[in-house]
Each structure stands twice: as C-alpha cells, then as structure tokens.
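Asks: Shown below is the structure under consideration.
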Amino acid sequence: MRLEPIANPSPARRLGLPAAALALTVLMASLLALLAGANPFATLGLIVKGAAGSKYALLETLNRATPLIFTGLAVAVAFRAKLWNIGAEAQLYAGAVVTVLLGTGALPLPSALLIPVIALAAMIAGALVLLGPVLLKTRLGVDEVVTTLLFNFIMLLFVSLLLEGPMKDPMGMGWPKSPALEKAARLPRIVEGLRLHWGFALAILSALAVWVIQTRTTLGYEIRAVGLNAEAARFAGIPVGRVMVKTALLSGGLAALAGFSEVAGLKGNLTLDLSPGFGYTGIIVAMLALLNPLGVVVAAIFVAGVFVGADSMSRAAGVPTYIADILMATALLTMVLALRLTHARIRWR
Amino acid sequence: MAPETGAEVVLRLDGITKRFGPLVANDAISVTLRKGEVIALLGENGAGKTTLMNILFGHYTADAGTVEVFGQPLPPGHPRAALAAGVGMVHQHFTLADNLTVLENILLGTRPLLAPRLDAREARARVARLSRDFGLAVHPDARVGALSVGERQRVEILKALYRDARILILDEPTAVLTPQETSALFETLRKAVAQGLSVIFISHKLGEVIEISSRVLVLRHGRLVGEVATADTDRHRLAEMMVGAEIAAPRLSERAPGPAFLTLTGVDTPRRGNAPGLKGVTLALRAGQITGLAGVSGNGQAALAALIGGLETPAKGSMELHGARPADWSPRAALTGGIARIPEDRHRTGSVADFTLTENAVLESYAGPPYSRRGWMNWRAADDFARRIIETYDVRCPGPAARIRLLSGGNMQKLILGRALEAGPRIILANQPVRGLDIGAVTFVQNRLIAARDAGAAVLLISEDLDEVMALSDVIHVIYEGRLSPAFPRGTMTPAGLGGWMAGHGFEREHTRGGADAA
C-alpha cells in the first residue's frame, strides 16, 4: 500500500472526508449505546440536548469550553513551532497555585487591578514551568515530550503537597483544599444571574490575540518558519533557540490562564481535581482545530459539548459517561485520517 | 560497439503512459533495448526519465502500455518481478548498508533471513570473478562506510551483476564521480556489453552520453522527442532536442579582480558527522571574480559553505570580512556583512515548502524595515518584494500567495537567487546553484552570477560539475579532504589536471604551503 499525493483536492474531497469522519464517530457512538442497551437515536439526542438544549446547558458547555480553549491554544501555539508541549496540565496547575497565592489576601488591591495582576503572575508561573524543559531541549537536546509529560506528575504531587501542608485551608474540615479566594480576586459573571464568567471572554480574546500574533507579527512568522522547517529557518538567520523559548513562554502562559480562570472564575479555591485532564484534552482540541487559534474555540466548544452532553445523557439514559471519551478518541482519529486522506489517496500495491 | 540491428530484443517498453492529475509524466513512450548495447536516456529534470524507470520497476503502474523483458510481459506493480527477470538498477543515491562489508551488502537479500550462517566461500569466489571480469576493483571485506563514492558505485553494480542482471540501468551514475572514476566506469560498461549485457544510461550530461551510448533517446516534457544513433549526432543537436530551443554557453569577459572582500587564513573547522571539516584553508574572495571550487562531493565543500554562510566558526585560523574580523559570526551576521547565500539544498535549507512565495522571499530580511516594524509584519511590502522577484527573475508561478512547494526546482531556485541578489550583496556564496535544474534555468542562473561578478561582486561557486567550474570561474581551487589546492587561474588547468587534484594527488606536497594565491 502506498500514498499518492493529491496537489489540489476537490471540494467534494475537502468537505466529504471530514463529514465521513463525523458520521463514523456518530456511528461508533450509536453502536456503543446499543451495546449498553439504550436506543442509539435517543442517546445521541440526549447528548445534543444536554449540550445545547437549553440556556443552562449551553452556558454549562461554554463554561466547560473555557479551560479547553486556553489549553488548546497553549498546545496549538507550541505545536506550530514543533515544540511538543504535553505539559499543559502542569502549567495549568502552576497558574492555579499562583492565583490562590495572590488571591487570598496577599495583595491589598482593588479588584480592577488585582485580577489583571494575578492573571499576569499566573501566566509567568506557567511560562516558567515550560521554560525548563525547553531550555533542556534547545541546549542539550533533551526530548521535551518526555520532560513536559513527566512534569505533569511532579506538578500534581507538588500541588498535593501544598494542599496537605502550607496551602491547606484551616477551615477546610481536613479536606485537601486551599482557602477560598477573596471576593476582589474572583472573576465576575458576564451577565448577573447566569453562570458564565469573564474567563470565557478572556479565552476568546486570547484566541484572537494568538491569531493576530501568528499572522501579523514577526514572532508569529518566526514560529511558523521554525515549525515548518527549522533547518531553513536557522540558515536564514532566524534564531531558532530563542524562538522556541518565546513560543514556550507564550504556550505556558496560555495554559496557566486555564488554571487561573477555573480558580478565579468557577471554583473559587484549589483542589486536586481542579482539572479532569484539561491539559491533555487541549491536545485533542488543538489537533481537531488543525492548530488554528480560531478553530480552537470551535473545537473546544464541540469537545466540551460532548462531555457535558454525555454527562446529562448518562443520568437520563443510563449509558456510562465513558462514551464521551470514546467519542472524542474516535473523532480525533477519524478526523486526522480524513485530513491526511484529503491530500493523498491510497493505492494498494 | 553498435550491435547488429538483428540482435535479440531484451527489453521493450511499449506505449507507456502515466498521468499525475493533469500532468502527463510519460506520454506513449516506447523504448526497445537490444542485447549488447548501451542506450542513453537523455532529458532535463522533470522530463519523465525517472517516472519511466519507476514504471519499469513496478513502483508505479502505468495508465497504459506494456513492459516486456526477454519477451515475457512484466506484471505491473510488482517491484520484484523486474529484478527476477534480470533487470538491475543502480540508483543515484546508493542503497547500501554502511556498517556491513562489501560482500555482506552484495549478499543481503539473496538468502533466507534465518539461514544459520553465511556460506561465503562460494559467494566470495563469484564476487571475485565478477569484479575481475568487469574491472570492478573493490575489496570484498572492506566496510562500505569506509569506501569512496566511486567504490560504492562499483559495489552497487556488483550487487546487480551478482543477482544475474542482464540489463543494467544506471541513473545519473557520473554525478558523484571524478573524471578518472568516470572513465573507469565507462571501461566497466564496455566490458559488460561485450559480454552481452545491455545498459540504459540515464543522464543529462551530453559529453558522457555521446561517449558511452550507441543510441540516444531524448525525452522532453514526458514525450519521446527524438531517437538517434549516437554516431549521427553531436552535443549541440542533442542539447537542442533536449531543450527544444537553441542555447548559448555562458561567457566570461576579461576583468581585473578587485580587492579581497573575504579572506580565510589557515582556517580549521571541526568535523560534523560524516562531513570532514576544513584543514588549514587559505582563500581570498575578490571583487569582480568568480572563484570556483571543484572537488568530489563530501570533501569539505559543506564545511566551507557553512563557514562563509555563518553557520560555522573557525576553530583555528582567521576570517576577515571587508578587512576586519567579524565580532560574532552567525547567518544574520553573514547577511548584514553583505554575503548572499544560495544553499546546496533548496528544498531543505533554502526554502520552507509550506510557506508562500512571499513568506519565502522575506525569509532572510523579514526582521527589519520595510518588511517589519517593531515586530509587526508589513505583508504588503513583502508581497511587493515577492512580485518584484517573480517579475525580474522570471519565476513561473500562480502568484506570490502560492505555496513554494508547487514550484519546479528551477523556479524555486530563481526565487532563492532573486532573494539573495536583490539584497545587493558584495559576496555571493553559490553552492551547487544549478544542480538538478533544466538547461533553461541553468543558463539563467549562471548568467545572473556572471552579471553580479561583472558588477563587482565576489562569487564563490561550489560545484561537483567540473565543466561548470571550468566554464564559469576566474580562478579554481580544488578541495580534497578539507584541504584546498592552490588557486589555478582560468585556462591554466586541464580537466585531467584538476581531476588529479580531485583524487588527492598533489596535496602531499602542496598542503603545507596552504593554497597560495596564484592570481
């Protein structure tokens, strides 16, 4: 079997294959629902309804999408430069820790000043977390996939240590959780009475900012050149190592905003289950979005919708929520395959 | 060596057609090869030579047409079928395992994978016989990694002969050889046809085609545009057939050299992987002068190009740019020092395949005005620049927003050339600037380099094509294992004389003197 490249795929190919991927995903979900003893159409209907069937459901989906937009952007930015940042989870927790450190009365500032200061500090913390692995990569050639991935576990254990020790809420009845943020440090809701907070708006703004950076600035140009062909970039005088470091700072900062936004916008304190793998899901989001920052917003809302919808479906139809994970995995695999096959056809022999 | 016309037909390609989308790579091509003859397949890059051979070898399946070997039709799409039928191919890029010996490489794939042990005695005797009969001197127990390029090619040919190939296909076999090695190869081929083998010799070098072949088939744009007996034609007519138009050879006017823009004195650079570093290199690049660097590939050309291009710094010795030692040395320092660089590998080093022409055009100059200000790109200015290059350098393309990977090698090279020359360089480092280009593009690039030289630039032309170096250079150095020969002014050396230096003769005596400037 071999792949023969197609220079200019037809529109039918461009649209048809992703549609087929989506259909395959839905088919897979239906089979699983059938296997679990439920009516597949009802199950899928319940997922859609649970994700977008009411104002409450929709806002819940957007809330869930917020951290995914940040981590998706973090991954998309890094992957563009072929910097394989698998550590968005660690950077997210770094942002969350700093948010709690500064948001529990350490800084006597008014809310309008305090929130930006905390956000910035969180970004710096996340950036620093990624800086180590990247310097190891550019200076010593250490594979960043390994270092960033392992850093996730170090970070999680470190947070656990903090929550059992110095950061433990004295009023927490012994639970490993941090004290709650002061009111001034909390992100307000966009519309009073509805659960959506300003973190979502910040996520959209971040996506726009990343898009502008990538298409309009020299840094974005450098990042794309380094990612597409590092050898040509180096030859042309682009400081490849420095571009990698800048990319890492941006990527780590974006991932940290996910932690900041979850703590300051939604949870109000830090626990060990702050992130159910947002850092890893960010990779799926970024891949589905083809690393396009605006696509990340769409992909994050889609992924969040599947999870939120599956949660609510599971309560109603008795199909386990794991169906969401399988849906996500199927969607990713079929979509990646579809995109590959858009630009090449398989020849047997 | 022309065979009697009645000789047995050993290979027949009949009406081979292959399309890639709208592109017709092979258009109803028919080729007949008889026993004991050498035919040449001549054509520019992209003429369809490689596609045709890939179809013969079953790597592609033809849309129409048939392949017959020794009268038996070959099933399409079976790479092993051609081998089994007795067709052997020596690729331009060798397919040998460096860490195995010559004998092991030859035996590789001829025996069952799990055979308890190699009974090498019989095989060794057979290899020895073949190498004697065909004049392919190479030690069977030498590690392939330690062999020269010419020797490796001999191993490839031995490998094919060992598998009883009766038809040998050689794809651009002389591209990596010294003139002496080329004559040895031709000697081998003559012996082979005398013993009844048949050879297809793929090349774009006219002189060699005329020397070795009895018939020439010329391909152009996927069509067979001519088939002539070699005796009835000459270089000029073949070139015209190949290009479809008349061509003028580049001409250098007399010009007195100016001051040295860049000088190297006793420079050493470290070895990088398999590529040797420089050893005590002394060189002056002068205004209004093309300095040619001849040599067999892999003798330090890459190290010299990396040094002047800003990717490498001297470990020993000194480098002066415009009369001063540069404070720091990087690609960007080279660029600001007025050095334009045309890299050896335009796909991997010279361009970003998935970038547009505009993005590629400003790859070296994006960091300052007019293409960017305070970190913000000015894409309009960049587009204008790309358009200017496209127009001035005749880059055939859909437009500045097209991705550069869609361009042919020649057009890609023209964009890189334009990017380099539009910066108004005082020094031009041209590393294999015309390799793989069709004749039209070759002439274009060479004339641009000459024009830059006439306008007072110092040009360093690195090439493995001795004819090119001799035609274009005011002075010639030969590089061998990282050392530089003295400078030979234009017209003072014959190809054979330079070939001797390329094979390393003369360096024993000369290298201590360190290439004194004879100009």
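Asks: Using the heavy atoms of the protein chains alone and a 1.4 angstrom probe, what is the accessible area of the stretch B:352-423 per residue in square angstrom? Show your work: numbers first, answer last.
Replies: Working: 3170 Å² over 72 residues.
Here the per-residue accessible area is 44 Å².
Asks: Let me ask something else. Separation of the stretch A:291-308 and the stretch B:468-497 by C-alpha centroid, Å?
Replies: 62
Asks: Over chain A, with a Gaussian network built from C-alpha contacts below 10 Å, which listed residue (A:Asn39, A:Asn85, A:Asn152) shows the highest mean-square fluctuation?
Replies: A:Asn39
Asks: To continue, here is another question. Roughly what % of DSSP beta bridges within chain B run antiparallel, to the nearest 5?
Replies: Working: 41 of 78 bridges.
Beta bridges within chain B, antiparallel portion: roughly 55 percent.
Asks: Continuing with the same structure: Over chain A, with a Gaussian network built from C-alpha contacts below 10 Å, which listed residue (A:Leu130, A:Leu24, A:Leu196) shows the highest mean-square fluctuation?
Replies: Result: A:Leu24 has the largest fluctuation of those listed.
Asks: For the protein assembly as shown, compute the orientation-averaged projected area of the C-alpha convex hull (one quarter of its surface), in nm². Could the numbers behind the result be given before it?
Replies: On the way: hull surface 177.7 nm².
About 44.4 nm², averaged over all directions.
Asks: Which of A:Gly253, A:Gly227, A:Gly105 moves most in a GNM of chain A, Cα contacts under 10 Å?
Replies: With Cα springs under 10 Å in chain A, the top fluctuation among A:Gly253, A:Gly227, A:Gly105 is at A:Gly105.
Asks: Kindly rank A:119-126, A:69-76 from highest to lowest mean number of other beta carbons found within 10 Å of each residue. Could the numbers behind the result be given before it?
Replies: On the way: A:119-126: 23.5, A:69-76: 33.1.
Final packing ranking: A:69-76, A:119-126.
Asks: With a 1.4 Å probe and every protein chain left in place, tell me how much accessible area A:Glu192 has, in Å² to the nearest 10.
Replies: 150
Asks: At what distance in angstrom do the alpha carbon centres of the stretch B:153-194 and the stretch B:32-82 lie from each other?
Replies: The distance from the Cα centre of the stretch B:153-194 to that of the stretch B:32-82 comes to 18 Å.
Asks: A further question on this structure: Using the Cα centre of the stretch B:30-98 as origin and beta-carbon charges of +1 (Lys, Arg) and -1 (Asp, Glu), tell me which of B:Tyr60, B:Met89, B:Leu42 is placed farthest towards the positive end of the dipole.
Replies: It is B:Met89.
Asks: A further question follows. How many percent of the accessible area of the stretch B:75-163 is carbon or sulfur, using a 1.4 Å probe?
Replies: 55
Asks: Starting from the Cα of A:Lys49, draw a straight line to each of the aspartates and glutamates and keep only those under 17 Å, dropping any in the same chain fewer than 8 residues away.
Replies: Once the sequence-local aspartates and glutamates are set aside, what remains near A:Lys49 is A:Glu60, A:Asp311.
Asks: Turning to a different aspect of this structure: Which whole-number percent gives the relative contact order of chain A, counting Cα pairs below 8 Å spaced six or more residues apart?
Replies: Working: 611 pairs, mean separation 132.2, N = 349.
Once normalised by length, the contact order is 38 percent.
Asks: Relative to the Cα centre, what is the charge dipole magnitude of the stretch A:202-349, using +1 at the beta carbon of each Lys and Arg, -1 at the beta carbon of each Asp and Glu, and rounding to the nearest 20 debye? Kindly include the intermediate steps, with their values, before the conclusion.
Replies: Numbers: 11 positive and 6 negative charges, 131 e Å.
The dipole magnitude comes to about 620 debye.
Asks: Now for a separate question. Taking 8 Å as the Cα distance limit and 6 or more residues as the minimum spacing, I'd like the relative contact order of the stretch B:302-348 as a percentage.
Replies: Working: 28 pairs, mean separation 16.8, N = 47.
This gives 36 percent for the stretch B:302-348.
Asks: Right, here's the next one. Using a loss threshold of 20 Å², tell me which positions in the stretch A:232-269 are less accessible in the complex than in their chain alone. Probe radius 1.4 Å, ligands and nucleic acids ignored.
Replies: Residues meeting the cut-off: A:Ala232, A:Arg234, A:Phe235, A:Ala236, A:Gly237, A:Ile238.
Asks: OK, next. Dipole size in debye (nearest 20) for the stretch B:226-283 around its Cα centre, Lys and Arg Cβ +1, Asp and Glu Cβ -1? Intermediate values should be presented prior to the final figure.
Replies: Details: 7 positive and 7 negative charges, 110 e Å.
Computed about the Cα centre, the dipole is about 520 debye.
Asks: If you take the charge dipole of chain A about its Cα centre, with +1 on Lys and Arg Cβ and -1 on Asp and Glu Cβ, which of A:Leu332, A:Ile283, A:Ala33 is farthest toward its positive end?
Replies: Sorting the options by dipole projection puts first A:Leu332.
Asks: When the helices in chain B are scored as -39500 (n - 2.57) per DSSP H run of 4 or longer and the sum is shared across all residues, what 222 nm value do you end up with, to the nearest 500 deg cm²/dmol?
Replies: Numbers: 17 runs with 162 residues, N = 519.
After summing the helix terms and dividing by residue count, I get -9000 deg cm²/dmol.
Asks: Something else now. How high is the relative contact order of the stretch B:370-519? Use alpha-carbon pairs under 8 Å, at least six apart in sequence, and give a whole percent.
Replies: On the way: 153 pairs, mean separation 21.1, N = 150.
So the answer I get is 14 percent.
Asks: Hey, another quick one. On a straight-distance basis, which aspartates and glutamates could pair with A:Lys246 in a cross-link, Cα separation under 12 angstrom, same-chain partners fewer than 8 positions away excluded?
Replies: The reachable aspartates and glutamates, counting only those whose Cα sits under 12 Å from A:Lys246, are A:Glu222.
Asks: How many angstrom separate the Cα center of the stretch A:116-182 from the Cα center of the stretch B:339-381?
Replies: Comparing the Cα centres of the stretch A:116-182 and the stretch B:339-381, I get a distance of 38 Å.
Asks: Given H placed 1.01 Å from N in the peptide plane, which residues other than close sequence neighbours of B:Ala340 have an amide H under 5 Å from its amide H?
Replies: When sequence neighbours closer than 5 places are left aside, the close amide H contacts are B:Arg426, B:Ile427, B:Ile428, B:Leu429.
Asks: If you don't mind, another one. Rank B:Lys18, B:Lys279 by accessible area, highest first, at a 1.4 Å probe radius? Walk me through the numbers before you get to the answer.
Replies: Working: B:Lys18 5, B:Lys279 105 Å².
My answer, sorted largest first, is B:Lys279, B:Lys18.
Asks: Given R₀ = 51 Å, what would the calculated FRET efficiency be for B:Ala256 paired with B:Asp394, taking r from the Cβ atoms and rounding to 0.05? Intermediate results must be reported in sequence, preceding the final value.
Replies: Numbers: r = 31 Å, r/R0 = 0.61.
It comes to 0.95.
Asks: For a 18 Å ceiling on Cα separation, which of these pairs sit above it: B:Lys49/B:Lys191; A:Lys183/A:Lys267; A:Lys177/A:Lys267?
Replies: From B:Lys49/B:Lys191; A:Lys183/A:Lys267; A:Lys177/A:Lys267, over 18 Å: B:Lys49/B:Lys191.
Asks: Determine the sum of side-chain charges near B:Gly277: Lys and Arg each +1, Asp and Glu each -1, restricted to other residues whose C-beta is under 15 angstrom from that of B:Gly277. Please list the in-between numbers first.
Replies: Values: positive: B:Arg271, B:Arg272, B:Lys279, B:Lys316, B:Arg483; negative: B:Asp268, B:Glu312, B:Glu481.
Value of the local net charge: +2.
Asks: Expressed as a whole percentage, what fraction of the accessible surface of the stretch A:66-292 belongs to carbon and sulfur atoms when a 1.4 Å probe is rolled over the protein heavy atoms? Could the numbers behind the result be given before it?
Replies: Numbers: 6480 of 9080 Å².
Taking all protein chains in place, the stretch A:66-292 shows 71 percent carbon and sulfur surface.
Asks: How much area per residue is accessible in the stretch A:66-292 when the probe is 1.4 Å and only protein heavy atoms are counted (Å²)?
Replies: Working: 9080 Å² over 227 residues.
Each residue of the stretch A:66-292 exposes 40 Å² on average to a 1.4 Å probe.
Asks: Here's something else I'd like to know. Starting from the Cα of A:Lys55, draw a straight line to each of the aspartates and glutamates and keep only those under 15 Å, dropping any in the same chain fewer than 8 residues away.
Replies: Cα-Cα hits under 15 Å: A:Glu192.
Asks: For the interface of B with A, what's the total buried accessible surface in square angstrom, probe 1.4 angstrom, rounded to the nearest hundred?
Replies: Values: alone 23600 and 17070 Å², together 38230 Å².
For chain B against chain A, roughly 2400 Å² becomes buried.
Asks: Report the rotationally averaged projected area of the stretch A:66-292 based on its alpha-carbon convex hull, in square nanometres. Before the final figure, lay out each step's value.
Replies: On the way: hull surface 51.0 nm².
Averaging across all directions leaves 12.8 nm² for the Cα convex hull.
Asks: Would you kindly find the accessible area of A:Thr147, with a 1.4 Å probe and non-protein molecules such as ligands, DNA and RNA excluded, rounding to the nearest 10 Å²?
Replies: 30
The values are calculated or read from the model by the stated rules, or taken from the named source; none is laboratory data. Quick caveat, the model's predicted, so the values are computed rather than measured. Virtual Cβ from ideal backbone geometry, glycine too; neighbours counted across all protein chains shown. For accessibility, only protein heavy atoms count, side chains too; no ligands or nucleic acids. Shrake-Rupley method; radii C 1.70, N 1.55, O 1.52, S 1.80 Å.
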